[in-house]
Amino acid sequence: MEKITAKTGRIAFIGGGMMAEAILKGMLHADIAEPALITVSDPSAARREYLEETYKVNTVSDNVEAVKTAGFVILAVKPQVADAAITKEVAAAIPQTATVLSIMGSVNLEKLHALVPGHAVIRVMPNTPLAVGAGMTAIAPDANVGEDMLEAAKAIFGSCGEIEIISESAIEAITAISGCGPGYVFMMIDALADAGVKAGLPRAMAIKLAAQTFAGSGRMVLETGLHPAVLRDQVTSPGGTTIAGIYALENRGVRAAMYEAVMAVLERSAELQGK
């Protein structure tokens, strides 16, 4: 997609929190749009001042004001405040031709259509590494989304990392892997760093070693295209130190714990949606 201009439509964010800022940062870094074409609506005056000073974007406290001239509307509030933030007045103010994108985790397309009736909607599941340009975002368009709308979503979220176009039926499983996955990885980095400290390393060094090891290993999987088990075998010598460590992990049920973590997310997600 070409750069978003005044002709293709302004970009409005409803909600100016961490995820909105990460997307904003990615777009500006990739030169997807000029700051003057972006408006962020947030109830916090301090937050609005910070976003204006840091990114030179427009900010408002009124969601209606934010969306009324938008070509792209990004719903970036927490799911529990969706009804309060996206009122009938806000929905009515969104131009009919605008693309509506939602990053509200547990709000499905059916609910989104109820919030913004008459609009084509794209449900998006990003993760927090968007903040450093290394996000993993799943994009689920509804049946009314045109090619231009989808290209806009791909450009916006592709500026913050990797993207996958998927059907909505895959969203919950994706949430359990990449949406919640950073939490699992941070926990494992912390644990590996703790082990390093126990082995005699300074804390800062242990954290750097653990974090870079996870980052580099993930990059190897993506760039080589090899199955993780193949890469694991390449570093695992017969009777060596790595296989001793892997044996300890298997013996402690680390692999099974990953299965259980994903299943726990799916169960909790179903509870939150009343299924």
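When the chain is fully extended, how far beyond the present Cα-Cα distance does Arg203 get from Lys78, taking 0.36 nm per residue of separation?
Values: separation 125, 0.36 × 125 = 45.00 nm, distance 3.46 nm.
That works out to 41.5 nm of additional length.
What's the magnitude of the charge dipole for the range 78-192 around its Cα centre, counting Lys and Arg as +1 and Asp and Glu as -1 at the beta-carbon? Answer in Debye, nearest 20. Before the final figure, lay out each step's value.
Values: 5 positive and 12 negative charges, 51 e Å.
For this selection, approximately 240 debye.
Which one of Asn251, Asn108, Asn58 has the biggest mean-square fluctuation once the chain is modelled by GNM with Cα springs under 10 Å?
Asn251
Before I look further, what does the chain give for accessible area per residue, probe 1.4 Å, in whole square angstrom? Each step should come with its number before you reach the end.
Working: 15090 Å² over 275 residues.
Normalised by residue count, the accessible surface of the chain is 55 Å².
Counting only DSSP beta bridges with both residues in the chain, tell me the antiparallel percent, nearest 5. Present the calculation step by step, with values, prior to reporting the outcome.
Values: 4 of 28 bridges.
Taking every DSSP beta bridge with both residues in the chain, the antiparallel ones total about 15 percent.
Name the residue farthest towards the positive end of the dipole of the chain from the options Ala140, Pro202, Thr128, assuming +1 on Cβ of Lys and Arg, -1 on Cβ of Asp and Glu, about the Cα centre.
Comparing the listed Cα positions along the dipole, Pro202 ranks first.
Can you pull the percent of the range 180-243's accessible area that's carbon plus sulfur, 1.4 Å probe, other chains left in place?
68
Can you run phi through the Karplus equation (6.51, -1.76, 1.60; θ = phi - 60°) for the range 188-193 and list ³J(HN,Hα) in whole Hz, with x for Gly and Pro?
Karplus values, whole Hz, x for Gly and Pro: 6, 4, 4, 5, 5, 5.
Indicate the gyration tensor shape class of the range 177-228 (rounded, prolate or oblate), computed on the Cα atoms with a ≥ b ≥ c the square roots of the eigenvalues: a/c under 1.5 is rounded; otherwise a/b larger than b/c is prolate and the rest oblate.
Numbers: a/c = 3.03, a/b = 1.67, b/c = 1.81.
Because a/c hits 1.5 or more and a/b fails to exceed b/c, the range 177-228 counts as oblate.
Please label the shape of the range 1-142 as rounded, prolate or oblate, based on the square roots a ≥ b ≥ c of the eigenvalues of the alpha-carbon gyration tensor (a/c under 1.5 means rounded; beyond that, a/b larger than b/c means prolate, else oblate). Each step should come with its number before you reach the end.
Details: a/c = 1.28, a/b = 1.18, b/c = 1.08.
Rounded, since a/c falls under 1.5.
What are the GluC sites (Glu not before Pro) within the range 1-94 that DSSP puts in a loop, where the Cβ has at most 11 other Cβ atoms within 10 Å?
Working: sites: Glu2, Glu21, Glu49, Glu52, Glu53, Glu65, Glu89; in loops: Glu2.
In loop regions of the range 1-94 (DSSP not H, G, I, E or B), the sparsely surrounded GluC sites (Glu not before Pro) are Glu2.
The values are calculated or read from the model by the stated rules, or taken from the named source; none is laboratory data. These figures come from a predicted structure and were not determined experimentally. Because the Cβ atoms are built from the backbone with ideal geometry, glycine has one as well, and the counts that use them run over all protein chains shown. To get the accessible areas, we keep the full protein, side chains included, count just its heavy atoms, and leave off ligands, DNA and RNA. Shrake-Rupley method; radii C 1.70, N 1.55, O 1.52, S 1.80 Å.
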